[in-house]
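First the structure, in the form of structure tokens, and then the observations on it.
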Amino acid sequence: MILLEDKPYAEFWIGTHDSGPSYVVDRAAENGLALTLKNWIESNPSVVGDKIVNKWGTDLPFLFKVLSVAKALSIQAHPDKDLATRLHNELPDVYKDDNHKPEMALALTEFEALCGFISLEELKMIVQTVPEIIEVVGNAHAEQVLDLNEDGEKEKVKLVLQSVFTEIMSASKDMIAEVIAKLISRLHIKNQARQLTEKEQVVLRLEKQYPADVGVLAAFLLNYVKLKPGEALYLGANEPHAYIYGDCVEIMATSDNVVRAGLTPKHRDVKTLSSMLTYRQGFPEILNGTAVNPHTMRYIPPFEEFEVDRCILPKQSTAEFPAIPGPSIFMVMEGEGTMTTSSGEIVCEGDVLFAAANTSITVATSSGLHLYRAGVSSSFF
């Protein structure tokens, strides 16, 4: 594939998933054929380490990506292992594999997302201030929400939230189009009298991108999250989310399974999404990383498949990456320098390098370098 400098790209994948495999450049061809990273690892399993082979076989357990989000991505969730297996068996053309897909997004720029369900207190406020939601779900559902009490009623809260969300996502296209038209008109009028809330402003932006889409209304039920560069957000299986805007590096278990239901022209599976979600409420945890050397922060979410290091090297500096029992992928985001194992490797912006298990790396730069490392979680070892 030839990359054109004047053409925007949405995603850059680095890993072994069949939907977007990486190729080995250093050993560019085998018998005249391009050699995928997956095939190379299968032929050289020692490069991922014994512990990885024993747990996940001769494959990378993580998939590394760079995302550039100019238009909101779909409201979606990723299935757990059991559901992924069932969906893959039933619809293999839609659900490409049988793996789960926990993930983490680490912001490169200011980054916006919808993630997880708002708290009960916020849900009650939404029911009281967004009449269009009541028009879709009905007064009975609205009264159920307002009567809820978090103390000792966690399961009841989940059931009511599930009922409200499912009612919205299952509404007819005609009803949603009519209700969203009323919503947008009302917000424009409100904007003449007061400044709109952040969530209301987001809803207006989403409606411009996806007119009459049910995801515009569903956005009111999800947390609006803003990340600064260097902050990370992680998501477990069966949690609703939508990335709205910005650039990030993303890491996940090796899977391409996505269940979508809003803000998308792609295949929607409302029934599966509504039934699979945890309906856990509250603002997601934001990771700021833990320093592992003067220039490197490490982000370790509660998943054994992956972690990410963010290394920002100033001019005339070095960083050490000690040997670990698993493989690493290094990606140069900005600048240039050298990466040294047994021999020096000159690297520059856009380069991606695979480091085998039990390999120590020294990185040095005279002009400055931004580097990201993906690997198996330190907690696994």
Scanning the range 255-272 for residues that are closer than 20 Å to S68 by Cα and of a type in the set (S, T, N, Q), the one surrounded by the most Cβ atoms within 10 Å (Cβ to Cβ) turns out to be S255
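Output the residue which, of all residues in the range 296-340 that are in a strand (DSSP E or B) and aromatic (F, W, Y), is farthest from S378 (Cα to Cα). Steps first, answer last, please.
Step one: list which residues in the range 296-340 are in a strand (DSSP E or B), which gives 296-299, 307-313, 317-321, 328-340.
With aromatic (F, W, Y) added as a condition, the list becomes 299, 321, 330.
Working: Y299: 10, F321: 13, F330: 16 Å.
If we take residues in the range 296-340 being in a strand (DSSP E or B) and aromatic (F, W, Y), then F330 is farthest from S378 (Cα to Cα).
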Scan the range 213-230 and tell me whether some residue there is crowded, with 20+ Cβ neighbours inside 10 Å, of a type outside the set (D, E) and in contact with a His (Cβ under 8 Å, 6 or more places away or on another chain). yes
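Quick check on my filter: what residues within the range 61-101 are part of a loop (DSSP other than H, G, I, E, B), of a type outside the set (D, E, K, R) and at pLDDT below 95?
As a first pass, look at the range 61-101 and keep what is part of a loop (DSSP other than H, G, I, E, B): 61, 70-74, 78-80, 91-101.
Those still in the list that are of a type outside the set (D, E, K, R) too: 61, 70, 72-74, 78-79, 91-92, 94-95, 99-100.
Result: H78, P79, L91, P92, V94, Y95, N99, H100.
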Test for G215: is it outside any strand (DSSP E or B) and of a type in the set (G, A, S): yes
Condition first: assigned to a helix (DSSP H, G or I), more than 23 Å from F62 (Cα to Cα) and either touching a helix residue (DSSP H, G or I) at 6+ places or on another chain (Cβ under 6 Å) or without any contact (Cβ under 8 Å) to a residue 60 or more places away in the chain (or both). Can you find one or more residues in the range 247-270 that meet it? yes
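In this structure, is A232 assigned by TED's automatic domain parsing to the domain that holds F165, modelled with pLDDT of 95 or more and among the small types (G, A, S)? Even if it seems obvious, please write down each step before you answer.
Values: assigned by TED's automatic domain parsing to the domain that holds F165: no; modelled with pLDDT of 95 or more: yes; among the small types (G, A, S): yes.
No, not satisfied.
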Output for the range 33-86, where each listed residue is under 30 Å from F165 (Cβ atoms) and of a type in the set (D, E): D80, D82
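Please pick out the residue among T36, T16, T58, T85 that is more than 30 Å from K226 (Cβ to Cβ), assigned by TED's automatic domain parsing to the domain that holds I244, touching a Lys or Arg at 6+ places or on another chain (Cβ under 6 Å) and touching a residue at least 12 places away in the same chain (Cβ under 8 Å).
Values: T36 fails: touching a Lys or Arg at 6+ places or on another chain (Cβ under 6 Å); T58 fails: touching a Lys or Arg at 6+ places or on another chain (Cβ under 6 Å); T85 fails: touching a Lys or Arg at 6+ places or on another chain (Cβ under 6 Å).
Result: T16 is the single residue among T36, T16, T58, T85 that is more than 30 Å from K226 (Cβ to Cβ), assigned by TED's automatic domain parsing to the domain that holds I244, touching a Lys or Arg at 6+ places or on another chain (Cβ under 6 Å) and touching a residue at least 12 places away in the same chain (Cβ under 8 Å).
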Enumeration of residues in the range 253-283 that are of a type in the set (G, A, S) and within 18 Å of Y234 (Cβ to Cβ): A253, S255, G282
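Can you tell me how many residues in the range 82-122 are among the charged types (D, E, K, R) and crowded, with 22+ Cβ neighbours inside 10 Å?
Total meeting the criteria: 2.
On the basis of being over 17 Å from L123 (Cβ atoms) and of a type in the set (K, R), does K228 make the cut? Outline the logic, then answer.
Working: over 17 Å from L123 (Cβ atoms): yes; of a type in the set (K, R): yes.
Judged against the criteria, K228 is a match.
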Give the range 284-303 a look and list any residue that's exposed (fewer than 14 other Cβ atoms within 10 Å of the Cβ) and more than 15 Å from the chain's Cα centre (by Cα), or say none. N288, T290, A291, P294
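Do we find that S46 is of a type in the set (G, A, S), modelled with pLDDT of 90 or more and closer than 26 Å to E345 by Cβ in this structure? Spell out the reasoning first.
Values: of a type in the set (G, A, S): yes; modelled with pLDDT of 90 or more: yes; closer than 26 Å to E345 by Cβ: yes.
Yes: the conditions hold for S46.
Out of the residues in the range 275-295 meeting the condition of being assigned to a strand (DSSP E or B) and in contact (Cβ under 8 Å) with a residue 60 or more places away in the chain, tell me which one is nearest to F380 (Cα to Cα). Break it down stepwise before answering.
Kept after step one, since they are assigned to a strand (DSSP E or B), are these residues of the range 275-295: 281, 286-287, 290-293.
Now narrow it down to the ones that are in contact (Cβ under 8 Å) with a residue 60 or more places away in the chain: 281, 286-287.
Working: Q281: 28, I286: 21, L287: 19 Å.
If we take residues in the range 275-295 being assigned to a strand (DSSP E or B) and in contact (Cβ under 8 Å) with a residue 60 or more places away in the chain, then L287 is nearest to F380 (Cα to Cα).
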Would you confirm, using the coordinates I've provided, whether Y234 is surrounded by 17 or more Cβ atoms within 10 Å (Cβ to Cβ), in contact with a Leu (Cβ under 8 Å, 6 or more places away or on another chain) and assigned to a loop (DSSP other than H, G, I, E, B)? no
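When you go through V94, V24, V69 one by one, which is the residue that is touching a Cys at 6+ places or on another chain (Cβ under 9 Å) and outside the structural domain of A323 (by TED's automatic domain parsing)? Write out each step before concluding.
On the way: V94 fails: touching a Cys at 6+ places or on another chain (Cβ under 9 Å); V24 fails: touching a Cys at 6+ places or on another chain (Cβ under 9 Å).
Every option except V69 fails the conditions.
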Could you pull out the residue among V47, V127 that is surrounded by 15 or more Cβ atoms within 10 Å (Cβ to Cβ), without any contact (Cβ under 8 Å) to a residue 40 or more places away in the chain and not polar (S, T, N, Q)? V127
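The values are calculated or read from the model by the stated rules, or taken from the named source; none is laboratory data. These figures come from a predicted structure and were not determined experimentally. In this analysis, Cβ positions are derived from the backbone assuming ideal geometry, glycine residues included, and neighbour counts consider all displayed protein chains.
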